[in-house]
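The values are calculated or read from the model by the stated rules, or taken from the named source; none is laboratory data. Owing to the predicted nature of the structure, the values given are computational and were not obtained by experimental measurement. Cβ placement follows ideal geometry from the backbone for every residue including glycine, while neighbour counts extend to all protein chains displayed. The accessibility values were calculated without ligands, DNA or RNA, using every heavy atom of the protein model including side chains. Shrake-Rupley method; radii C 1.70, N 1.55, O 1.52, S 1.80 Å.
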Amino acid sequence: MATERLTGPQIAQADLAHWRLVGRHLRTRLLTTDFARGLEVVTAIAAAAEEAHHHPDLDLRYGHVDIALRSHDVRGITERDLALARRIDQIAAELDVASEPSAPQEITIALDTDDMARLAPFWSAVLGYDQDPDEDDTLLPRVGHSPVVWFQPSEARPGRGRIHLDLYLPHDQVEERMAAALAAGGRLVTDDFAPSWWVLADADGNEVCLCTWQPRD
């Protein structure tokens with residue numbers, strides 16, 4: 001059904017070579033030569049979206065257009081997103097625009113706490129965020145592309161900060177990004193949860209989880 005939420009493996013089986021499941025969205029980047037060319041691409045996508053009655057999030061920049069697809073009514077990826085992705089691929093081919101699906105990423109700010117109810121009102125107020133209607137432990141930005149805030153149930157641990165980042169990457173880019181981070185002075189904390197996520201830290205112990213859609217081994 002067009003409104004059924006799809007799993008990561010189901011999306012992978014759709015064989016959308018120019019798209020990646022990154023965090024909560026199906027994403028790609030279209031490479032344009034200038035702003036006017038980007039506007040042409042956005043206009044064509046907008047027409048297709050109106051025809052499909054399904055609308056992507058578009059971010060127009062001078063040299064590229066970032067596209068994020070998600071069915072907001074069911075808060076997940078559905079067949080409607082796959083169909084629109086294929087239509088956008090057709091538009092890109094017609095306009096001779098290349099894609100760079102390795103570029104998109106999503107960031108979540110994760111706060112360790114043993115008392116979310118005590119902290120969440122502050123972060124909601126100071127950031128202007130709302131509680132996720134589906135996930136009690138998550139705050140969402142009202143507009144724009146600001147990071148999601150997630151409260152991780154956890155007690156304080158010596159040598160570890162209470163805030164870390166969850167960085168969602170295309171599944172075929174995470175190892176390259178991890179190698180670059182380790183070469184830049186980082187260290188691997190654990191790969192016990194790979195290929196779903198790896199935990200890295202900087203020289204002071206500040207942590208980041210490199211995350212993909214893939215399930216744990």
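Does any residue of the stretch 184-192 turn out to be in a loop (DSSP other than H, G, I, E, B), out of contact with any His (no Cβ under 7 Å at 6 or more places or on another chain), surrounded by fewer than 18 Cβ atoms within 10 Å (Cβ to Cβ) and at pLDDT 95 or above? Checking the stretch 184-192: at least one residue is in a loop (DSSP other than H, G, I, E, B), out of contact with any His (no Cβ under 7 Å at 6 or more places or on another chain), surrounded by fewer than 18 Cβ atoms within 10 Å (Cβ to Cβ) and at pLDDT 95 or above.
Looking across the stretch 117-139, the residues that are surrounded by fewer than 17 Cβ atoms within 10 Å (Cβ to Cβ) and of a type in the set (A, V, I, L, M) come down to Ala117, Leu119, Ala125, Val126, Leu127.
For (1) open to solvent by 40 Å² or more (accessible area, probe 1.4 Å); (2) in contact (Cβ under 8 Å) with a residue 12 or more places away in the chain; (3) more than 14 Å from Ala110 (Cβ to Cβ); (4) touching a helix residue (DSSP H, G or I) at 6+ places or on another chain (Cβ under 9 Å), each residue gets a yes or a no:
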position	(1), (2), (3), (4)
Ile163	yes, yes, no, no
Pro195	no, yes, yes, yes
Cys209	no, yes, no, no
Gln214	yes, yes, yes, yes
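Has the stretch 62-81 got any residue that is over 16 Å from Glu106 (Cβ atoms), assigned to a helix (DSSP H, G or I), open to solvent by 40 Å² or more (accessible area, probe 1.4 Å) and without any contact (Cβ under 8 Å) to a residue 40 or more places away in the chain? Taking every residue of the stretch 62-81 in turn, none turns out to be over 16 Å from Glu106 (Cβ atoms), assigned to a helix (DSSP H, G or I), open to solvent by 40 Å² or more (accessible area, probe 1.4 Å) and without any contact (Cβ under 8 Å) to a residue 40 or more places away in the chain. Restricting attention to the stretch 1-54, the residues being free of Cβ contacts under 8 Å to residues at least 40 places away in the same chain, farther than 19 Å from Pro104 by Cα, of a type in the set (Val, Ile, Thr) and part of a loop (DSSP other than H, G, I, E, B) number 1. Among the residues of the stretch 138-153, those identified as closer than 22 Å to Val74 by Cβ and touching a residue at least 40 places away in the same chain (Cβ under 8 Å) are His145, Val148, Trp150. Scanning the stretch 166-176 for residues being crowded, with 16+ Cβ neighbours inside 10 Å, of a type outside the set (Phe, Trp, Tyr) and outside any loop (DSSP other than H, G, I, E, B) gives a total of 3. Name the residue that is nearest to Cys209 (Cα to Cα), counting only residues in the stretch 110-137 that are aliphatic (A, V, I, L, M) and without any contact (Cβ under 8 Å) to a residue 60 or more places away in the chain. Per the stated criteria, the residue is Leu111.
Please pick out the residue among Ala103, Ala92 that is under 14 Å from the mean Cα position of the chain (by Cα) and closer than 15 Å to Arg27 by Cβ. Every option except Ala103 fails the conditions. For Ala17, the requirement of being surrounded by fewer than 13 Cβ atoms within 10 Å (Cβ to Cβ) and modelled with pLDDT of 95 or more is met.
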